[in-house]
1. I'm checking my understanding of the structure. Among residues of region 125-154 that are more than 20 Å from the chain's Cα centre (by Cα) and modelled with pLDDT of 95 or more, which one is nearest to F23 (Cα to Cα)?
2. Just for region 203-219: of the residues that are part of a strand (DSSP E or B) and of a type in the set (F, W, Y), which one is farthest from A254 (Cα to Cα)?
3. Any residue in region 351-365 that's more than 12 Å from S325 (Cβ to Cβ): show its pairings with residues that are surrounded by fewer than 20 Cβ atoms within 10 Å (Cβ to Cβ) and among the small types (G, A, S) at Cβ separation under 7 Å, as long as the two are six or more apart or on different chains.
4. From F371, F317, which residue is over 23 Å from the mean Cα position of the chain (by Cα) and under 28 Å from L413 (Cβ atoms)?
5. Hey, V174 hits all of (1) out of contact with any strand residue (DSSP E or B) (no Cβ under 7 Å at 6 or more places or on another chain); (2) over 23 Å from N29 (Cβ atoms); (3) among the β-branched types (V, I, T) but one; which does it fall short on?
6. On the basis of being surrounded by 13 or more Cβ atoms within 10 Å (Cβ to Cβ), assigned to a helix (DSSP H, G or I) and touching a residue at least 60 places away in the same chain (Cβ under 8 Å), does K175 make the cut?
7. Could you figure out which of (1) free of Cβ contacts under 8 Å to residues at least 40 places away in the same chain; (2) in a helix (DSSP H, G or I); (3) among the polar types (S, T, N, Q) isn't true of S56?
Amino acid sequence: MKLNINGRIFTDNTNELEKDSFFVVSKQNEKFKDIAINSGFEIVNASELKNYLDMSSIKIIGITGTNGKTTTAAAIYSLLLDLGYKVALQGTRGFFINGSQIEEYSLTTPVQLGNFANIQKALENSCQFFVMEVSSHAIEQRRVEGLEFALKIHTNITRDHLDYHKTIEEYINVKNSFLSDESLKLINVDDKVVKFNPKNAYTYSLDKFSSFKVDAYSFNKGMHVMFNHNKTPYTFSSLMMGIFNIYNLIASVAAVSLVTNNNLEDICKALENFGGVSGRMEIISVEPLVIVDFAHTPDGMEEVLKSFPQKEIICVFGAGGNRDSLKRPLMGKVAAKYSKHIIVTSDNPRFEDPDLIINDIVAGIPKNISFEVEINRKEALKKAILLAKNENSVVLVLGKGDEATQIIYDQKLPFSDKEEILKILNS
(Lines give C-alpha, C1' and ligand atoms only; values in the text may rest on other atoms or scores of the structure.)
Protein backbone atom coordinates (compact mmCIF):
# COMPACT_ATOMS: atom_id res chain seq x y z
CA MET A 1 0.00 0.00 0.00
CA LYS A 2 0.98 3.65 -0.39
CA LEU A 3 1.08 6.40 2.20
CA ASN A 4 1.62 10.12 1.52
CA ILE A 5 3.18 11.92 4.49
CA ASN A 6 3.77 15.61 3.87
CA GLY A 7 4.29 15.05 0.15
CA ARG A 8 6.60 12.06 0.58
CA ILE A 9 5.37 8.74 -0.82
CA PHE A 10 6.02 5.60 1.24
CA THR A 11 5.19 2.11 -0.01
CA ASP A 12 5.81 -1.48 1.13
CA ASN A 13 5.34 -2.85 -2.41
CA THR A 14 8.23 -2.65 -4.91
CA ASN A 15 5.68 -2.60 -7.77
CA GLU A 16 4.35 0.72 -6.47
CA LEU A 17 7.72 2.50 -6.29
CA GLU A 18 7.83 5.76 -8.23
CA LYS A 19 10.17 8.74 -8.46
CA ASP A 20 11.37 10.02 -5.06
CA SER A 21 9.30 7.46 -3.12
CA PHE A 22 10.58 5.45 -0.14
CA PHE A 23 10.48 1.67 0.26
CA VAL A 24 9.33 0.71 3.77
CA VAL A 25 11.07 -2.46 4.92
CA SER A 26 9.33 -4.78 7.37
CA LYS A 27 9.58 -8.39 8.48
CA GLN A 28 7.10 -9.32 5.75
CA ASN A 29 8.86 -7.76 2.75
CA GLU A 30 12.57 -7.57 3.64
CA LYS A 31 13.38 -10.15 0.94
CA PHE A 32 12.47 -7.46 -1.64
CA LYS A 33 14.76 -4.87 -0.07
CA ASP A 34 17.57 -5.41 -2.59
CA ILE A 35 15.20 -4.85 -5.54
CA ALA A 36 14.38 -1.38 -4.20
CA ILE A 37 18.04 -0.55 -3.44
CA ASN A 38 19.26 -1.74 -6.84
CA SER A 39 16.53 0.35 -8.48
CA GLY A 40 17.88 3.44 -6.72
CA PHE A 41 15.16 3.95 -4.13
CA GLU A 42 15.73 5.06 -0.56
CA ILE A 43 15.00 2.58 2.22
CA VAL A 44 13.09 3.31 5.43
CA ASN A 45 12.69 0.70 8.16
CA ALA A 46 9.13 0.35 9.43
CA SER A 47 10.36 1.29 12.91
CA GLU A 48 11.48 4.66 11.53
CA LEU A 49 8.12 5.74 10.07
CA LYS A 50 7.36 7.59 13.31
CA ASN A 51 10.15 10.05 12.40
CA TYR A 52 8.17 11.29 9.37
CA LEU A 53 4.73 11.72 10.98
CA ASP A 54 4.30 14.07 13.94
CA MET A 55 2.30 12.01 16.45
CA SER A 56 3.04 14.13 19.50
CA SER A 57 -0.60 15.27 19.78
CA ILE A 58 -2.15 11.79 19.87
CA LYS A 59 -2.01 9.02 22.49
CA ILE A 60 -2.02 5.42 21.24
CA ILE A 61 -3.74 2.82 23.42
CA GLY A 62 -3.08 -0.81 22.46
CA ILE A 63 -5.13 -3.76 23.77
CA THR A 64 -3.90 -7.34 23.48
CA GLY A 65 -5.33 -10.60 24.81
CA THR A 66 -7.06 -13.76 23.61
CA ASN A 67 -10.54 -12.62 24.62
CA GLY A 68 -11.98 -9.22 25.43
CA LYS A 69 -9.92 -7.02 23.07
CA THR A 70 -12.88 -5.86 21.00
CA THR A 71 -15.22 -5.11 23.91
CA THR A 72 -12.50 -3.40 25.97
CA ALA A 73 -11.38 -1.28 23.01
CA ALA A 74 -14.98 -0.33 22.17
CA ALA A 75 -15.70 0.59 25.80
CA ILE A 76 -12.61 2.83 25.99
CA TYR A 77 -13.61 4.47 22.69
CA SER A 78 -17.15 5.07 23.97
CA LEU A 79 -15.97 6.45 27.32
CA LEU A 80 -13.50 8.87 25.74
CA LEU A 81 -16.11 10.13 23.27
CA ASP A 82 -18.68 10.64 26.05
CA LEU A 83 -16.09 12.53 28.08
CA GLY A 84 -15.63 14.99 25.22
CA TYR A 85 -12.47 13.75 23.52
CA LYS A 86 -11.89 13.15 19.81
CA VAL A 87 -11.03 9.49 19.31
CA ALA A 88 -10.25 6.88 16.64
CA LEU A 89 -10.82 3.13 17.06
CA GLN A 90 -9.11 0.45 14.95
CA GLY A 91 -9.84 -3.26 15.33
CA THR A 92 -11.71 -6.38 14.30
CA ARG A 93 -14.95 -4.49 13.66
CA GLY A 94 -13.35 -1.87 11.41
CA PHE A 95 -12.01 1.67 11.71
CA PHE A 96 -13.98 4.45 13.40
CA ILE A 97 -13.33 8.17 13.94
CA ASN A 98 -15.38 10.34 16.31
CA GLY A 99 -18.44 8.09 16.17
CA SER A 100 -18.43 7.41 12.41
CA GLN A 101 -17.32 4.18 10.73
CA ILE A 102 -14.61 4.90 8.16
CA GLU A 103 -13.79 1.33 7.10
CA GLU A 104 -15.54 -2.03 7.38
CA TYR A 105 -14.12 -5.20 8.91
CA SER A 106 -10.40 -5.71 8.39
CA LEU A 107 -7.45 -7.43 9.99
CA THR A 108 -7.51 -7.00 13.77
CA THR A 109 -4.23 -5.11 13.37
CA PRO A 110 -3.19 -3.87 9.89
CA VAL A 111 0.35 -3.93 8.52
CA GLN A 112 2.71 -1.11 9.51
CA LEU A 113 1.71 1.30 6.73
CA GLY A 114 -1.95 0.59 7.46
CA ASN A 115 -1.50 1.59 11.10
CA PHE A 116 0.27 4.81 10.15
CA ALA A 117 -2.31 5.59 7.44
CA ASN A 118 -5.11 5.30 10.00
CA ILE A 119 -3.21 7.33 12.59
CA GLN A 120 -2.69 10.01 9.92
CA LYS A 121 -6.49 10.08 9.29
CA ALA A 122 -7.06 10.35 13.04
CA LEU A 123 -4.66 13.29 13.23
CA GLU A 124 -6.41 14.98 10.31
CA ASN A 125 -9.62 14.72 12.34
CA SER A 126 -7.96 16.24 15.44
CA CYS A 127 -8.13 12.98 17.42
CA GLN A 128 -6.43 13.02 20.80
CA PHE A 129 -6.56 9.23 21.20
CA PHE A 130 -6.05 6.25 18.89
CA VAL A 131 -7.43 3.02 20.40
CA MET A 132 -6.32 -0.20 18.69
CA GLU A 133 -6.55 -3.95 19.11
CA VAL A 134 -3.19 -5.71 18.92
CA SER A 135 -3.30 -9.35 17.79
CA SER A 136 -0.68 -12.02 18.45
CA HIS A 137 -0.05 -12.20 14.69
CA ALA A 138 0.69 -8.47 14.67
CA ILE A 139 3.13 -8.79 17.58
CA GLU A 140 4.99 -11.74 16.06
CA GLN A 141 5.08 -10.13 12.58
CA ARG A 142 6.15 -6.79 14.10
CA ARG A 143 3.23 -4.93 12.51
CA VAL A 144 3.16 -2.51 15.47
CA GLU A 145 6.85 -1.62 15.36
CA GLY A 146 7.45 2.10 15.25
CA LEU A 147 4.37 2.87 17.35
CA GLU A 148 4.88 4.43 20.76
CA PHE A 149 2.07 3.40 23.08
CA ALA A 150 0.76 5.76 25.74
CA LEU A 151 -0.83 2.68 27.35
CA LYS A 152 -0.70 -1.07 26.72
CA ILE A 153 -3.55 -3.21 28.07
CA HIS A 154 -3.53 -6.98 28.61
CA THR A 155 -6.90 -8.73 28.99
CA ASN A 156 -5.99 -12.45 29.26
CA ILE A 157 -4.07 -15.23 27.57
CA THR A 158 -5.84 -18.52 26.79
CA ARG A 159 -5.59 -21.10 24.01
CA ASP A 160 -6.00 -19.70 20.48
CA HIS A 161 -4.32 -19.39 17.06
CA LEU A 162 -2.27 -22.57 17.48
CA ASP A 163 -2.67 -23.11 13.74
CA TYR A 164 -0.22 -20.19 13.45
CA HIS A 165 1.86 -20.24 16.64
CA LYS A 166 2.12 -24.07 16.77
CA THR A 167 2.46 -24.34 20.59
CA ILE A 168 0.65 -22.70 23.48
CA GLU A 169 4.05 -21.78 24.96
CA GLU A 170 5.00 -19.85 21.81
CA TYR A 171 1.62 -18.08 21.80
CA ILE A 172 1.99 -17.09 25.48
CA ASN A 173 5.53 -15.83 24.90
CA VAL A 174 4.44 -13.73 21.92
CA LYS A 175 1.62 -12.12 23.91
CA ASN A 176 3.88 -11.46 26.90
CA SER A 177 6.58 -9.91 24.70
CA PHE A 178 4.23 -6.97 24.09
CA LEU A 179 4.37 -6.24 27.83
CA SER A 180 8.13 -6.46 28.31
CA ASP A 181 9.07 -2.79 27.90
CA GLU A 182 8.80 0.15 30.30
CA SER A 183 5.77 1.85 28.72
CA LEU A 184 2.65 2.46 30.81
CA LYS A 185 0.77 -0.84 31.15
CA LEU A 186 -2.51 -2.14 32.57
CA ILE A 187 -2.45 -5.85 33.39
CA ASN A 188 -5.10 -8.41 34.39
CA VAL A 189 -3.15 -10.04 37.24
CA ASP A 190 -5.74 -12.80 37.66
CA ASP A 191 -4.28 -14.27 34.45
CA LYS A 192 -2.05 -17.17 35.56
CA VAL A 193 0.38 -17.05 32.62
CA VAL A 194 0.93 -13.32 32.14
CA LYS A 195 4.48 -12.01 32.55
CA PHE A 196 5.23 -8.30 32.31
CA ASN A 197 7.78 -5.63 33.10
CA PRO A 198 6.60 -4.22 36.46
CA LYS A 199 7.94 -0.75 35.69
CA ASN A 200 5.05 1.64 34.98
CA ALA A 201 2.58 -1.24 35.36
CA TYR A 202 -0.89 -0.87 36.88
CA THR A 203 -3.07 -3.90 37.51
CA TYR A 204 -6.74 -4.87 37.74
CA SER A 205 -8.44 -7.99 39.10
CA LEU A 206 -11.38 -9.70 40.72
CA ASP A 207 -9.29 -12.11 42.80
CA LYS A 208 -5.73 -10.93 43.43
CA PHE A 209 -4.61 -7.66 45.01
CA SER A 210 -4.35 -4.96 42.34
CA SER A 211 -4.40 -1.23 41.56
CA PHE A 212 -8.05 -1.44 40.45
CA LYS A 213 -9.58 -4.23 42.56
CA VAL A 214 -13.17 -5.40 42.14
CA ASP A 215 -14.49 -6.03 45.66
CA ALA A 216 -18.10 -7.01 44.95
CA TYR A 217 -20.54 -7.42 42.10
CA SER A 218 -24.09 -8.57 41.44
CA PHE A 219 -26.14 -9.44 38.36
CA ASN A 220 -29.70 -8.14 38.28
CA LYS A 221 -30.87 -6.74 34.95
CA GLY A 222 -27.22 -6.16 34.11
CA MET A 223 -24.23 -5.82 36.41
CA HIS A 224 -23.48 -3.68 39.45
CA VAL A 225 -19.80 -3.52 40.40
CA MET A 226 -17.93 -2.08 43.38
CA PHE A 227 -14.16 -1.59 43.13
CA ASN A 228 -11.43 0.34 44.87
CA HIS A 229 -8.47 2.38 43.67
CA ASN A 230 -5.98 3.90 46.10
CA LYS A 231 -8.24 2.71 48.98
CA THR A 232 -11.19 4.74 47.67
CA PRO A 233 -14.39 2.84 46.74
CA TYR A 234 -16.20 3.40 43.41
CA THR A 235 -19.16 1.79 41.67
CA PHE A 236 -20.42 1.36 38.12
CA SER A 237 -23.42 -0.29 36.51
CA SER A 238 -24.01 -1.73 33.05
CA LEU A 239 -26.70 -3.65 31.18
CA MET A 240 -23.98 -6.07 30.03
CA MET A 241 -23.73 -9.61 31.39
CA GLY A 242 -20.99 -12.05 32.36
CA ILE A 243 -18.04 -12.07 34.72
CA PHE A 244 -15.68 -11.70 31.74
CA ASN A 245 -17.39 -8.40 30.98
CA ILE A 246 -16.62 -7.19 34.49
CA TYR A 247 -12.95 -7.65 33.56
CA ASN A 248 -13.49 -5.83 30.24
CA LEU A 249 -15.29 -2.89 31.85
CA ILE A 250 -12.96 -2.45 34.85
CA ALA A 251 -10.07 -2.47 32.34
CA SER A 252 -11.75 0.25 30.28
CA VAL A 253 -12.53 2.41 33.34
CA ALA A 254 -8.97 2.02 34.63
CA ALA A 255 -7.48 2.77 31.19
CA VAL A 256 -9.41 6.02 30.78
CA SER A 257 -8.42 7.01 34.31
CA LEU A 258 -4.74 6.43 33.48
CA VAL A 259 -4.67 8.38 30.21
CA THR A 260 -6.89 11.35 31.13
CA ASN A 261 -7.36 13.77 34.00
CA ASN A 262 -11.00 12.80 34.51
CA ASN A 263 -12.02 11.56 37.94
CA LEU A 264 -13.25 8.00 38.34
CA GLU A 265 -16.79 9.05 39.34
CA ASP A 266 -17.30 10.78 35.98
CA ILE A 267 -15.77 7.84 34.09
CA CYS A 268 -18.04 5.34 35.88
CA LYS A 269 -21.07 7.51 35.14
CA ALA A 270 -20.17 7.69 31.44
CA LEU A 271 -19.88 3.89 31.32
CA GLU A 272 -23.66 3.58 31.70
CA ASN A 273 -23.98 4.84 28.10
CA PHE A 274 -21.97 1.90 26.70
CA GLY A 275 -24.33 -0.86 25.60
CA GLY A 276 -21.74 -3.39 24.48
CA VAL A 277 -20.55 -4.65 21.10
CA SER A 278 -22.66 -6.32 18.43
CA GLY A 279 -22.16 -10.09 18.52
CA ARG A 280 -20.51 -10.06 21.93
CA MET A 281 -22.94 -11.46 24.54
CA GLU A 282 -25.68 -9.78 22.48
CA ILE A 283 -29.26 -10.43 23.57
CA ILE A 284 -31.25 -11.07 20.37
CA SER A 285 -34.50 -12.00 22.11
CA VAL A 286 -35.77 -11.91 25.69
CA GLU A 287 -38.71 -14.32 25.32
CA PRO A 288 -37.26 -16.81 24.57
CA LEU A 289 -33.85 -15.65 25.81
CA VAL A 290 -31.45 -16.01 22.87
CA ILE A 291 -27.90 -14.68 23.04
CA VAL A 292 -25.20 -14.56 20.36
CA ASP A 293 -21.50 -14.45 21.22
CA PHE A 294 -18.20 -14.64 19.34
CA ALA A 295 -16.68 -17.20 21.76
CA HIS A 296 -14.77 -19.72 19.64
CA THR A 297 -12.19 -21.18 22.03
CA PRO A 298 -12.67 -23.52 25.02
CA ASP A 299 -11.84 -20.74 27.49
CA GLY A 300 -13.98 -18.17 25.68
CA MET A 301 -16.93 -20.58 25.65
CA GLU A 302 -16.51 -21.37 29.34
CA GLU A 303 -16.60 -17.67 30.25
CA VAL A 304 -19.94 -17.31 28.47
CA LEU A 305 -21.47 -20.59 29.63
CA LYS A 306 -20.65 -20.14 33.30
CA SER A 307 -22.41 -16.76 33.28
CA PHE A 308 -25.79 -18.55 33.45
CA PRO A 309 -25.57 -20.86 36.49
CA GLN A 310 -29.33 -20.77 37.16
CA LYS A 311 -30.39 -21.30 33.56
CA GLU A 312 -31.06 -24.38 31.42
CA ILE A 313 -28.57 -23.81 28.60
CA ILE A 314 -29.22 -24.90 25.03
CA CYS A 315 -25.85 -24.40 23.32
CA VAL A 316 -25.39 -24.13 19.55
CA PHE A 317 -21.84 -24.05 18.20
CA GLY A 318 -19.32 -25.43 15.73
CA ALA A 319 -15.63 -24.82 15.00
CA GLY A 320 -13.77 -23.12 12.18
CA GLY A 321 -12.01 -25.18 9.53
CA ASN A 322 -8.28 -24.93 8.77
CA ARG A 323 -7.65 -23.76 12.32
CA ASP A 324 -6.39 -25.39 15.52
CA SER A 325 -8.12 -28.81 15.45
CA LEU A 326 -6.95 -29.86 18.92
CA LYS A 327 -9.26 -27.33 20.57
CA ARG A 328 -12.39 -28.93 19.09
CA PRO A 329 -12.89 -31.81 21.59
CA LEU A 330 -12.08 -29.33 24.37
CA MET A 331 -14.93 -27.13 23.09
CA GLY A 332 -17.25 -30.12 23.20
CA LYS A 333 -16.15 -30.93 26.72
CA VAL A 334 -16.71 -27.43 28.06
CA ALA A 335 -20.14 -27.20 26.39
CA ALA A 336 -21.10 -30.48 28.05
CA LYS A 337 -20.01 -29.19 31.46
CA TYR A 338 -22.61 -26.38 31.48
CA SER A 339 -25.36 -27.22 28.97
CA LYS A 340 -28.66 -29.04 29.34
CA HIS A 341 -28.64 -29.74 25.60
CA ILE A 342 -26.03 -29.22 22.86
CA ILE A 343 -26.55 -28.82 19.13
CA VAL A 344 -23.26 -29.18 17.23
CA THR A 345 -23.36 -27.51 13.84
CA SER A 346 -21.18 -26.02 11.13
CA ASP A 347 -19.22 -22.78 11.67
CA ASN A 348 -16.84 -21.58 8.94
CA PRO A 349 -15.63 -24.93 7.51
CA ARG A 350 -13.40 -23.29 4.88
CA PHE A 351 -11.61 -26.15 3.05
CA GLU A 352 -12.32 -28.83 5.66
CA ASP A 353 -15.16 -31.35 5.65
CA PRO A 354 -17.77 -30.02 8.12
CA ASP A 355 -18.68 -33.57 9.17
CA LEU A 356 -15.08 -34.24 10.23
CA ILE A 357 -14.92 -30.98 12.19
CA ILE A 358 -18.14 -31.95 13.98
CA ASN A 359 -16.74 -35.41 14.72
CA ASP A 360 -13.74 -33.78 16.40
CA ILE A 361 -16.08 -31.73 18.63
CA VAL A 362 -18.34 -34.69 19.45
CA ALA A 363 -15.30 -36.72 20.56
CA GLY A 364 -15.09 -34.41 23.58
CA ILE A 365 -18.75 -34.74 24.63
CA PRO A 366 -19.38 -37.47 27.24
CA LYS A 367 -21.92 -40.10 26.19
CA ASN A 368 -24.32 -39.28 29.03
CA ILE A 369 -24.82 -35.71 27.78
CA SER A 370 -27.87 -34.70 25.74
CA PHE A 371 -26.67 -33.56 22.34
CA GLU A 372 -27.47 -33.77 18.64
CA VAL A 373 -25.74 -32.95 15.37
CA GLU A 374 -27.34 -30.61 12.82
CA ILE A 375 -24.84 -29.63 10.15
CA ASN A 376 -27.16 -26.97 8.66
CA ARG A 377 -26.62 -23.95 10.94
CA LYS A 378 -29.99 -22.41 10.06
CA GLU A 379 -31.79 -25.62 11.05
CA ALA A 380 -29.68 -25.89 14.21
CA LEU A 381 -30.82 -22.42 15.28
CA LYS A 382 -34.45 -23.34 14.60
CA LYS A 383 -34.20 -26.54 16.67
CA ALA A 384 -32.56 -24.70 19.57
CA ILE A 385 -35.23 -22.00 19.69
CA LEU A 386 -38.02 -24.61 19.61
CA LEU A 387 -36.41 -26.31 22.61
CA ALA A 388 -36.47 -23.08 24.67
CA LYS A 389 -39.92 -23.77 26.08
CA ASN A 390 -39.73 -22.21 29.54
CA GLU A 391 -38.57 -18.92 31.06
CA ASN A 392 -35.58 -20.67 32.65
CA SER A 393 -34.15 -21.60 29.24
CA VAL A 394 -31.41 -19.69 27.45
CA VAL A 395 -30.18 -20.37 23.91
CA LEU A 396 -26.49 -19.54 23.53
CA VAL A 397 -25.32 -19.34 19.91
CA LEU A 398 -21.53 -19.28 19.94
CA GLY A 399 -18.65 -18.91 17.51
CA LYS A 400 -19.57 -16.37 14.84
CA GLY A 401 -20.78 -13.34 16.79
CA ASP A 402 -21.80 -10.58 14.37
CA GLU A 403 -20.13 -12.12 11.31
CA ALA A 404 -22.30 -11.55 8.25
CA THR A 405 -20.95 -14.48 6.22
CA GLN A 406 -20.20 -18.18 6.43
CA ILE A 407 -16.92 -19.23 4.82
CA ILE A 408 -17.24 -22.42 2.75
CA TYR A 409 -14.14 -23.24 0.71
CA ASP A 410 -12.95 -19.79 -0.40
CA GLN A 411 -16.46 -18.33 -0.70
CA LYS A 412 -18.03 -15.97 1.82
CA LEU A 413 -21.75 -16.73 1.69
CA PRO A 414 -24.25 -14.38 3.37
CA PHE A 415 -25.16 -15.70 6.82
CA SER A 416 -25.84 -13.86 10.06
CA ASP A 417 -26.77 -15.70 13.26
CA LYS A 418 -28.68 -12.64 14.46
CA GLU A 419 -30.68 -12.22 11.23
CA GLU A 420 -31.52 -15.93 11.03
CA ILE A 421 -32.66 -15.98 14.67
CA LEU A 422 -34.93 -12.97 14.10
CA LYS A 423 -36.40 -14.61 10.97
CA ILE A 424 -37.16 -17.78 12.96
CA LEU A 425 -38.75 -15.83 15.80
CA ASN A 426 -40.84 -13.73 13.42
CA SER A 427 -42.12 -16.79 11.60
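The values are calculated or read from the model by the stated rules, or taken from the named source; none is laboratory data. None of the values given here were measured: they were computed from a predicted structure. Using ideal geometry, Cβ is built from the backbone for each residue, glycine included, and neighbour counts are taken over all protein chains shown.
1. Per the stated criteria, the residue is E148.
2. Result: F219.
3. Pairs found: I365/A336.
4. F371
5. Just one mismatch for V174, condition (2).
6. Yes.
7. (2)
Rundown of residues vs (1) in the same structural domain as S177 (by TED's automatic domain parsing); (2) at pLDDT below 90; (3) at positive phi, yes/no style:
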| site | (1), (2), (3) |
| --- | --- |
| D34 | no, no, no |
| I60 | yes, no, no |
| I63 | yes, no, no |
| T70 | yes, no, no |
| A75 | yes, no, no |
| D82 | yes, no, no |
| V87 | yes, no, no |
| T92 | yes, yes, no |
